[in-house]
Amino acid sequence: MQYPLYLSVLVPLPLKQPIFTYIYESGSDEEPQLVGRLVTVPFGPKKCYTGLVLAQQHIEPEGAHRLKPVLKLLPYPPIPPYIIELWQWVASYYMCSLGEVLTAAIQQGFRPDGTQGEELKRTALMLRGWLPSERLMSDAHFRGYLQGQLKGGSAAEKALQKILTTYRQGDKPPMSLQELAEWLETSSYTINKLRKVGVVEECEVLASSLNEAVTLPHHKVGDALSKAITIGSSRIALIHCPNSRIEERIPYDFLLQRVAKGKQVLLLLPNIEVLKQLMPELQKQFGASLYRYFSTTTEKERRTTWLAALSGEAGLYVGLRAAVWLPFASLGLVAIIDEEDRGYRQYEPAPRFTATNTALMLAHFAKVETLLLSATPSIESYTLALQQKYSFVEVPHTPPDVRVQTVWMPKAFEEHSVQGRMLSFQMIGAIREAIDEGGLALLLYQRKGFARSATCPKCQASPKCPHCHTTLRYMEQSRMLVCGICGYYQSLPNHCPECGAGGMQLIGTGIERLRRAMEELFPGIPIKMAEEVDRRTKLPPVILSSSYQPPQEFLRSATTVGWVQLDLLYALSDYRANELTFRYLMQSRDEAPQLQRIVVQHFATAPNALTAFEQNDYQQMLDFELEERHAILLPPFSRHIDIYFESAAQSQAFQLATTAVTTLQNKLPEVTTLGPAPMPVHKKETTIGYKVTLLAPLQRSSKQLRDAIYQLLDPLLKEYRGPKMNCYYDVDPL
DNA sequence: TGCTAGTGTACG
DNA sequence: GTACACTAGCAA
């Protein structure tokens, strides 16, 4: 008996309600299992999208709408139910549409979208050709009928016999008619006959489903790190590897063992730089069972990896944050390297999610273990370890043999031991040592341009960005005043635009001024900015980096690291500033194998991060942070959610954000609601955004909190009349 | 009256 | 996200 099936299909669009019903006419006797399958469906008057089947039923649903039919059932295996559960969790936890999660989770290449009528772009891994028909293989009646049709002893009947005795479904790729004739040892006339009666039919098959089995790697002699790992009953282990370099945080042997057992292992890395650095060794260790999944690989390779994950191929799956979307059919382990890294956070576009947290949920739904390996774990993870939600492993280590000098700049100025505005005698001495021994001095100064501002000597006015209202910095190279946020630029005016006085003064310092000072102090020595260095030739003796996380390859060669002004990081108005300062200090020393000495200049008195770093004491930083954050209920002692209101109309956005703040403060008094804070324009359009920050106590479940927010804000947005307003959430921002 | 730009609504 | 219907504003 045949009847139509009604499918609930999730479409990859950012809608509040992205699930729609379609009709599927099934051709076979049994009810096909379509949940988890990808289907192409018509949507609206012109478009069609590939969506995910969430449910099926044969009872006609209510509503008099005329339902549209499914256009095509994609030949991928179904997405495992626990993966769909994970995606639903992401949409709910990170407060975004399930359609947005689907868009992120299944890349464009795997779900061809297009215009109705026009042939959908065929996916590259499909093989097209002729094979014995599915009906022949599955339907005994049809088989009998065909055998009756073809005269006994005829060439066609012999060919059918051959198919029935030798062919098993899926063991041959689709063939051309000529190849089919060769296989069946018959003529094109007979093939044509078989085609007409329906013994063979044209079909499309996934190329990868015919992959031959990969030999799994042998498991080798254990490394010390793998031996140290123990995982408790919580199935999550936080592994603290103090003073380690990135390659020392990969438990190769532990991962190999799981792969050798025929399991899929997900290895998450925080950024492309680390990934490139580790790739040769990973390739050596895992060989053919290494599957790569990140944006710089070819689309074909990503698709192979995706299909391998979905078909349950054992192996090590390596990727950046997007690899958490791989639909693993037989996951055995998740390993996250440097879980605290900001590279795991995605801000734009939605879903705004943290891959570390999402990967933990992936492992949770798959009921497998997770390893978090880090040199400086986040306060959040450490707290969970303290609460015994994670088991905690401290890997033995040897403190590095590096000379650490700290210079308190106010005192240095007082003693007149500062040259070129910002370099103490200690710093200059350390740089000179590096130059003399033929090493590399790497100076860190996270301040772009030449000067902080151009200021009028008479009225003290400084040109500001018309979009962001921040003071424009002066860039020496382009001789322009530039906005550090949106990139707006203008030339340096000769006269003050406010009062007309002449002789604008350049106030404050930037990395370009540092370079000029260095050139005066070290004449004849090549001094380069990090971005100018030609990586193919020998490194210059001095490199200036405007990032506190300089490129790994410079750290690898550095013999001296100089922090020109620690305060630019430490004094950020971010409750994670101290934690971040400690982490970057540690990295600038521990990831540099050649390092002899490190000099840190600072203005603040005894920053905790610096003292903890000098004493090589992670615990000291943690204790300080936990106390600070507990006192004012910051994460991990509260939940942090940011709400954004964006519109071209500034006053309306501000007004709505203000109303939201008052409503939230009145109705949720236990939650600290801050803002609205104006946000810099981040897109090219002239939209203005306001941010409202919520810090909610942990007593209430996060689900309850989110529901309460929706209940209060949805009516506000519904009532709002005026220019287009965009409102979105950012849960657990980093 | 005709055109354009902006907005609201629905999409199964 | 895209398509289409609708409306306000404006020029002919």
Open item on the list: Anything in segment A:545-573 that is in a strand (DSSP E or B) and under 28 Å from the mean Cα position of the chain (by Cα)? List them, or say none.
Closed with: A:SER545
- [ ] Could you tell me whether A:THR304 is closer than 30 Å to A:GLN619 by Cα, polar (S, T, N, Q) and touching a helix residue (DSSP H, G or I) at 6+ places or on another chain (Cβ under 7 Å)?
- [x] no
- [ ] Starting from segment A:38-54, keep only residues that are in contact (Cβ under 8 Å) with a residue 60 or more places away in the chain, then list their pairs with residues that are basic (Lys, Arg) and within 10 Å of DNA strand B (Cβ to nearest atom) whose Cβ atoms are within a distance under 9 Å, requiring at least 6 positions of separation or different chains.
- [x] A:PRO42/A:LYS68
- [ ] Mind counting the residues in segment A:639-680 that are in contact (Cβ under 8 Å) with a residue 24 or more places away in the chain, surrounded by fewer than 19 Cβ atoms within 10 Å (Cβ to Cβ) and within 30 Å of A:LEU386 (Cα to Cα)?
- [x] 4
Task: Members of segment A:139-168 that are assigned to a loop (DSSP other than H, G, I, E, B) and either closer than 20 Å to A:SER187 by Cβ or without any contact (Cβ under 8 Å) to a residue 60 or more places away in the chain (or both) - done: A:LEU150, A:LYS151, A:GLY152, A:GLY153, A:SER154, A:TYR167, A:ARG168
TODO: Scan the strands (runs of 3 or more DSSP E) fully inside segment A:1-88 and keep the ones with 3 or more residues being within 23 Å of A:MET137 (Cβ to Cβ) and either within 16 Å of DNA strand C (Cβ to nearest atom) or out of contact with any strand residue (DSSP E or B) (no Cβ under 9 Å at 6 or more places or on another chain) (or both).
DONE: none
Task: Which listed residue, of A:GLN56, A:GLN33, A:GLN88, is more than 24 Å from A:TYR710 (Cβ to Cβ), of a type in the set (S, T, N, Q) and away from DNA strand B (no atom under 15 Å from the Cβ) - done: A:GLN33
- [ ] Restricting attention to segment A:300-349, report how many residues are more than 17 Å from the chain's Cα centre (by Cα) and either within 16 Å of DNA strand B (Cβ to nearest atom) or of a type in the set (D, E, K, R) (or both).
- [x] 4
Open item on the list: So for segment A:60-83 (the condition being within 25 Å of A:VAL324 (Cβ to Cβ) and within 16 Å of DNA strand B (Cβ to nearest atom)), does at least one residue qualify?
Closed with: no
Open item on the list: Restricting to segment A:452-484, count the residues that are surrounded by fewer than 15 Cβ atoms within 10 Å (Cβ to Cβ) and closer than 30 Å to A:SER647 by Cβ.
Closed with: 2
Open item on the list: Please count how many residues of segment A:387-416 are more than 30 Å from A:VAL368 (Cβ to Cβ) and assigned to a strand (DSSP E or B).
Closed with: 6
- [ ] Look through segment A:22-37, keep the residues that are surrounded by 18 or more Cβ atoms within 10 Å (Cβ to Cβ) and closer than 16 Å to A:LEU71 by Cα, and return whichever of them is nearest to the chain's Cα centre (by Cα).
- [x] A:ARG37
Open item on the list: Show the residue pairs meeting these rules: Cβ distance below 6 Å; 6+ apart or different chains; first residue within segment A:406-424 and surrounded by fewer than 17 Cβ atoms within 10 Å (Cβ to Cβ); second residue assigned to a helix (DSSP H, G or I) and at pLDDT 95 or above.
Closed with: A:SER417/A:PHE425
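Looking only at residues in segment A:38-53 that are at negative phi and exposed (fewer than 15 other Cβ atoms within 10 Å of the Cβ), which one is farthest from DNA strand B (Cβ to nearest atom)?
Step by step, filter segment A:38-53, then rank; the result is A:LYS46.
The values are calculated or read from the model by the stated rules, or taken from the named source; none is laboratory data. Keep in mind that this is a model prediction, so the values were computed, not measured. Please note: Cβ atoms are built from the backbone with ideal geometry, for glycine as well, and neighbour counts cover all protein chains shown.
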